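Note sheet for the following structure.
The values are calculated or read from the model by the stated rules, or taken from the named source; none is laboratory data. Everything quoted here is computed from the prediction, not taken from an experiment. Neighbour counts run over all protein chains shown; Cβ positions are idealised from the backbone, glycine included. Each accessible area value is taken on the protein alone, full model and side chains, heavy atoms only, with ligands, DNA and RNA left out. Shrake-Rupley method; radii C 1.70, N 1.55, O 1.52, S 1.80 Å.
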Amino acid sequence: MIATKPLGYLSEQLDAWRKAGTYQRLRVLESACEPVSRFDGREVINLASNNYLGLADHPKLIEAQVEAAKKFGAGSGAVRTISGTMSLHLELERRIAEFKQTEACVVFQSGFAANAGTVSAILGPEDHIVSDALNHASIIDGCRLSRAKIHVFPHKDTAAAEKLLEGLAGASGHKLLITDGVFSMDGDIGPLPALVEIAERHGAIMMIDDAHSSGVLGRNGRGTVDHFGLHGRVDIQVGTLSKAIGVLGGYVCGSRDLIEYLYHRARPFLFSTSHPPAVAAACLAAFDILEQEPKRIQTLWDNTRYFKNALKNAGFDIGESETPITPIMVGDAKVTHAYSAALFDDGLLATGIGYPTVPEGKARVRTIVTATHTRELLDRATEILIRVAKKFGILR
């Protein structure tokens, strides 16, 4: 018998990425996620996390986790629909719905599962989805799983979105208009007010993924719906517990009927074990902090403006960023990854991102400041970014 390697093509692809300079290995975090963290055995300034408010190692969250584990154990033992719905899960859902000013909420195991599970549950092959070209991969996968007809409009082009919906007038099936609230690679804010009006005019379901705006925009971090004063006009709000909240998970907010429907038909909810009690308890503690310590969000935005100004003054191209997500546009993927690696060698973690996460020719190093970065750290980070950029010809 001739020996074969059915997965040999994977090794060939990995070798091709290595030759192209786009292969990336995982950095290993060996400490708490903090402004200065230990990765791969060395202390570096961390500009690569989504820990916007510095809650990932907040003492109140840690205390809540410990107490919940002692009282309820390490795990729930089942999916939500069998025996895995705990009182902590229901309290967390009630708390999020109250925070987002909606009727109800359901918590998923991740923000990705929340997006993909919701879109694929509420739509079918006879339906239509109108989606921003730069929407998150979880939205794209949810659209594909639904088997609905997908219509993509250019990024933030509201006139194009309306034209697509106009073209669907009289078509059978439901229509969904969907956008990110904050776009995760460019850091710009979605044109929600215009999209909401378009959805209302054409009878479309309005859905927003607020993963990167929950805890960042709006009163006490209530997200883009609150930021734009659109309560009651967005049918489905998706958020995450893994970024500003500092823990793990995703959620969907909306009408009671929507949530009850997802209880019955959202496959990630139906077929995944529920969150460990420690996770749910830590998330509850995080929402307490959002309500009690609004200064954290103000500090986050103060740091964001300070850092952006420093990058602009240095001559970096930061695209259209309007939030703490600030890309440094490079273009060439090989140069981008080499730049990122050199930054790490100089004491700064800022991840290089290329295709397929972003389009070819749009590679960038993505930076994210947090509320817990000091001005001294941001100054040092800027100095490293400038010095290394000059070595690579990114700055002159």
- Enumerate by residue number the GluC sites (Glu not before Pro) in the range 79-132 meeting two conditions: DSSP loop (anything except H, G, I, E, B), and at most 16 other Cβ atoms within 10 Å of the site's Cβ. GLU103, GLU126
- Query: Taking the chain as a Gaussian network, Cα atoms linked when under 10 Å apart, which of THR81, THR323, THR336 shows the biggest mean-square fluctuation?
  - Reply: THR81
- Message: Using the Kirkwood formula on the Cα atoms of the range 211-350, what hydrodynamic radius do you get, in angstrom to one decimal?
- Response: 18.0
- Query: Roughly how many Å is it from the Cα centre of the range 136-199 to that of the range 22-42, as a whole number?
  - Reply: 35
- Task: Putting +1 on Lys and Arg Cβ atoms and -1 on Asp and Glu Cβ atoms, find which of LEU378, LEU258, ALA160 reaches farthest to the positive end of the dipole of the chain.
- Result: LEU378
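Taking the Cα centre of the range 273-396 as origin, work out the dipole magnitude from +1 charges on Lys and Arg Cβ and -1 charges on Asp and Glu Cβ, in debye rounded to 20.
So the magnitude is around 440 debye.
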- Message: What's the magnitude of the charge dipole for the chain around its Cα centre, counting Lys and Arg as +1 and Asp and Glu as -1 at the beta-carbon? Answer in Debye, nearest 20.
- Response: 740
- Item | Shape parameters for the range 315-396, alpha-carbon atoms, Rg then Dmax in Å | 12.1, 35
- Among the trypsin sites (Lys or Arg not before Pro) within the range 119-165, which fall in a DSSP loop and have no more than 15 other Cβ atoms within 10 Å of their own Cβ? ARG147
- Query: For the pair TYR9 and ASP332, how long in nm is the line joining their label points, each one 7 Å along Cα→Cβ?
  - Reply: 3.1
- Expressed in Å to one decimal, the Kirkwood Rh of the range 169-235 from all distinct alpha-carbon pairs is 12.3
- Query: In square angstrom, what is the accessible area per residue of the chain with a 1.4 angstrom probe?
  - Reply: 45
- Message: Only sites in a loop by DSSP and with at most 15 other Cβ atoms within 10 Å count here; which trypsin sites (Lys or Arg not before Pro) in the range 228-261 make the cut?
- Response: ARG233
- So GLU197 and TYR263, fully extended at 0.36 nm per residue minus their Cα-Cα distance, gain in nm 20.9 nm
- Message: In whole percent, and with a 1.4 Å probe on the protein chains, what portion of the accessible area of the range 239-380 is carbon and sulfur?
- Response: 49
- Task: May I ask which residue of LEU61, TYR9, SER37 lies farthest towards the positive end of the charge dipole of the range 1-113, with charges of +1 (Lys, Arg) and -1 (Asp, Glu) on Cβ and the Cα centre as origin?
- Result: TYR9
- Task: Tally up the carbon and sulfur contribution to the accessible surface of the range 30-186 as a whole percent, 1.4 Å probe, everything protein left in place.
- Result: 54
- Pairs LYS308/LYS362; LYS100/LYS312; LYS308/LYS390; LYS243/LYS308: which are spaced more than 23 Å apart, C-alpha to C-alpha? LYS100/LYS312
- Given springs between every Cα pair under 10 Å in a Gaussian network model of the chain, which of ALA286, ALA350, ALA133 has the largest fluctuation? ALA133
- Item | Listed residues THR273, PHE316, ALA285: farthest to the positive end of the dipole of the range 229-388 (Cβ charges) | THR273
- Message: In 10 Å bins starting at zero, report the fraction of Cα pairs in the chain per bin as a rounded %.
- Response: 5, 21, 29, 26, 15, 3, 0
- Query: Charges only on Cβ, +1 for Lys and Arg, -1 for Asp and Glu: so what's the dipole of the range 102-191 about the Cα centre, in debye to the nearest 20?
  - Reply: 260
